[in-house]
Amino acid sequence: MRRFQVRKSKLQGEITIPPSKSQTLRAILFASLAYGKSTIYNYLNSPDTFCMIEACRQFGATITVYADKLEIIGLNGQITHTEDVIQAGNSGIVLRFCAALSALGSHPAVITGDYSIRHQRPMHPLIQGLKKLGVNVESMRGDNFAPLIIKGPLKPGHTTLDGSDSQHVSALLIASAFALGPTTIEVSNAGEKPWIDMTLYWFDRLGIPYKNLHYQNYEIKGMTQYPGFNYSVPGDFSSAAFPLAAALVTQSSLKINNLDMKDPQGDKKVVEVFRKMGAKIDIENNYLYVHPNANLEGSIFDINDFIDAITILATTACFAKGKTILKNIAVAKTKECNRVTCIIKELSKMGAIIQETNEGLEIYHSSLKGATLDSYNDHRMAMSLSIAAMGATGLTQINPIDCINKTFPTFIQDFQALGANLEVME
């Protein structure tokens, strides 16, 4: 099993951010539901991408993969099923979105995934939302986790669900757009709103009619049809958070490119967070310029809108003066791992003063030292701990690390090119 060995580092240079995972997966899905041909450029070469491709092929789309683009002949919203089980791999988006789309067909479908999908990604909100639209959904173990057996068809009507995790809401929005009539969706505990905005960005782009009343009530017309399209995937702000943080914890200068500040990705708010902590970050066109600053200050941040950044923000907070509190973090407990518990445990091994309180995740300025760390096979944990190690004294070992391919397949070579003291050990 491969692992990282990381020592204190000084970085310099320019880094190109990989394409957005969330936008890549949405582009593939919406292209597969179109009629005619779509071309997607600059897609993320990731295991999640290929799980979505295979799932959409099983629904009936024709997808040709090239090194620099995907060509997709859509199925015009007409879902078919093969006898194969839909494999979501490690992707929550593939799991939730494709479970909902399976309900558009009239034949039973089975969807499952890896260990974390089957034990860490709850499906209860989506299951209940689908059942109220006439879909027969069964959790095979009876625990509201995958594997699921789903039998449609989804009927127009009214449904309700908990929206703490936005993926359930996005999944129902997309499926309802292809129902045979209008659907209303009532959402309680609406959270992660920028990720809903990302889905609605696609509705607007493709001319799918809807009404959004304060993220609590939606009206979807149904019977959607739209032609194929061309789309170039922008860079991923979730991934940009890592070189941004690396520049701050190592007091280095970096130029970060391939970012579109107009794209509706929630994690672009990490730029505002780092600036509030005292980071000197300039924005020019599609570039971010990060300048050294040894005087970061802790503060209080509600991070529900960019919850995937919790591990890298906790890491950066160790290098900020005073106390940092990350609030509204519950959804982080149901990602690839329980990111709250896991980041506390691993940063504590390095000497961090970090704990969960009633307010959220509380981190104090800490002097970090090298340690042997577990990534829990979570890409964001692996990369966050690597950044922590670049600002720590001594040697840090992190394993496993191949999980980084989920969102940042060039992480190793890119950071080595910047001068990171990072080695891969077999």
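The values are calculated or read from the model by the stated rules, or taken from the named source; none is laboratory data. What you see is a predicted model; the values in this text were computed from it and never measured. Cβ placement follows ideal geometry from the backbone for every residue including glycine, while neighbour counts extend to all protein chains displayed.
Out of curiosity, is ASN258 assigned by TED's automatic domain parsing to the domain that holds SER38 and not hydroxyl-bearing (Ser, Thr, Tyr)?
Taking the combined requirement at face value, the residue does not satisfy it.
Against the condition modelled with pLDDT of 95 or more and of a type in the set (Asp, Glu), how does GLU297 come out, does it pass? So that I can check it myself, show each step before the final result.
Details: modelled with pLDDT of 95 or more: yes; of a type in the set (Asp, Glu): yes.
So GLU297 passes the test.
Give the range 67-89 a look and list any residue that's out of contact with any Phe, Trp or Tyr (no Cβ under 7 Å at 6 or more places or on another chain), in contact (Cβ under 8 Å) with a residue 60 or more places away in the chain and surrounded by 24 or more Cβ atoms within 10 Å (Cβ to Cβ), or say none.
ILE72 - this is the single residue of the range 67-89 that is out of contact with any Phe, Trp or Tyr (no Cβ under 7 Å at 6 or more places or on another chain), in contact (Cβ under 8 Å) with a residue 60 or more places away in the chain and surrounded by 24 or more Cβ atoms within 10 Å (Cβ to Cβ).
All but one of (1) touching a residue at least 60 places away in the same chain (Cβ under 8 Å); (2) touching a strand residue (DSSP E or B) at 6+ places or on another chain (Cβ under 8 Å); (3) among the charged types (D, E, K, R) hold for ASP374; state the number of the condition that does not hold.
Of the numbered conditions (1) touching a residue at least 60 places away in the same chain (Cβ under 8 Å); (2) touching a strand residue (DSSP E or B) at 6+ places or on another chain (Cβ under 8 Å); (3) among the charged types (D, E, K, R), the odd one out for ASP374 is (1).
Looking for whichever is out of contact with any Lys or Arg (no Cβ under 6 Å at 6 or more places or on another chain), in the same structural domain as LEU25 (by TED's automatic domain parsing) and free of Cβ contacts under 8 Å to residues at least 24 places away in the same chain here; the options are ASP282, ASP204. Which one fits?
After ruling out the rest, the residue left standing is ASP204.
So which of LYS280, LYS276, LYS327 is among the charged types (D, E, K, R), closer than 20 Å to TRP195 by Cβ and at pLDDT 95 or above?
Exactly one residue qualifies, and that residue is LYS327.
Might you let me know whether the range 381-404 holds any residue that is at pLDDT 95 or above, among the hydrophobic types (A, V, I, L, M, F, W, C) and more than 23 Å from GLU423 (Cβ to Cβ)?
No, the conditions are met nowhere in the range 381-404.
Considering each of LEU70, LEU101, LEU44 in turn, give the residue that is closer than 26 Å to PRO156 by Cα and modelled with pLDDT of 95 or more.
LEU101
Between residues in the range 1-28 that are at pLDDT 95 or above and residues that are part of a strand (DSSP E or B) and basic (Lys, Arg), which pairs lie under 8 Å by C-beta distance while being six or more apart or on different chains?
Going by the 8 Å Cβ cut-off, the qualifying pairs are GLY13/LYS255; GLU14/LYS255; ILE15/LYS255.
Name the single residue that is farthest from the chain's Cα centre (by Cα) among those in the range 118-128 being buried (at least 17 other Cβ atoms within 10 Å of the Cβ) and under 12 Å from CYS337 (Cβ atoms).
GLN120
Could you check, for the range 330-341, whether at least one of its residues is buried (at least 20 other Cβ atoms within 10 Å of the Cβ) and more than 17 Å from the chain's Cα centre (by Cα)?
Taking every residue of the range 330-341 in turn, none turns out to be buried (at least 20 other Cβ atoms within 10 Å of the Cβ) and more than 17 Å from the chain's Cα centre (by Cα).
Any idea which of SER176, SER188, SER239, SER166 is polar (S, T, N, Q), outside the structural domain of ILE329 (by TED's automatic domain parsing) and within 30 Å of ILE256 (Cα to Cα)?
SER166
Which ones in the range 309-359 are in a helix (DSSP H, G or I), more than 19 Å from ILE398 (Cα to Cα) and of a type outside the set (Gly, Ala, Ser)?
Selection gives VAL331, LYS333, THR334.
For ASP282, which of the numbered conditions (1) surrounded by fewer than 17 Cβ atoms within 10 Å (Cβ to Cβ); (2) assigned to a helix (DSSP H, G or I); (3) acidic (Asp, Glu) fails to hold?
(2)
Can you say whether ILE404 is within 25 Å of HIS119 (Cα to Cα) and aliphatic (A, V, I, L, M), as far as the supplied structure shows?
Criteria met by ILE404.
Residue by residue through the range 257-314, note down the ones that are of a type in the set (Asp, Glu) and under 14 Å from PHE242 (Cβ atoms).
ASP267, ASP308
With of a type outside the set (Phe, Trp, Tyr), buried (at least 21 other Cβ atoms within 10 Å of the Cβ), free of Cβ contacts under 8 Å to residues at least 40 places away in the same chain and closer than 20 Å to ALA246 by Cβ as the only criterion, which of ILE398, ILE354, ILE387, ILE404 stands out?
Answer to the selection: ILE404.
Can you tell which of LYS255, LYS268, LYS211 is farther than 26 Å from GLY152 by Cβ and either more than 18 Å from the chain's Cα centre (by Cα) or of a type in the set (Ser, Thr, Tyr) (or both)?
Answer to the selection: LYS255.
Exactly one of these conditions fails for THR199: (1) touching a residue at least 60 places away in the same chain (Cβ under 8 Å); (2) over 20 Å from SER176 (Cβ atoms); (3) not aromatic (Phe, Trp, Tyr). Give me its number.
Answer for THR199: the failing condition is (2).
Identify the residue in the range 288-302 that is among the hydrophobic types (A, V, I, L, M, F, W, C) and part of a loop (DSSP other than H, G, I, E, B) and, among all such residues, is surrounded by the most Cβ atoms within 10 Å (Cβ to Cβ).
Only one residue tops the list, namely LEU296.
Condition test on VAL249, is it surrounded by 20 or more Cβ atoms within 10 Å (Cβ to Cβ) and not assigned by TED's automatic domain parsing to the domain that holds ASN42?
yes
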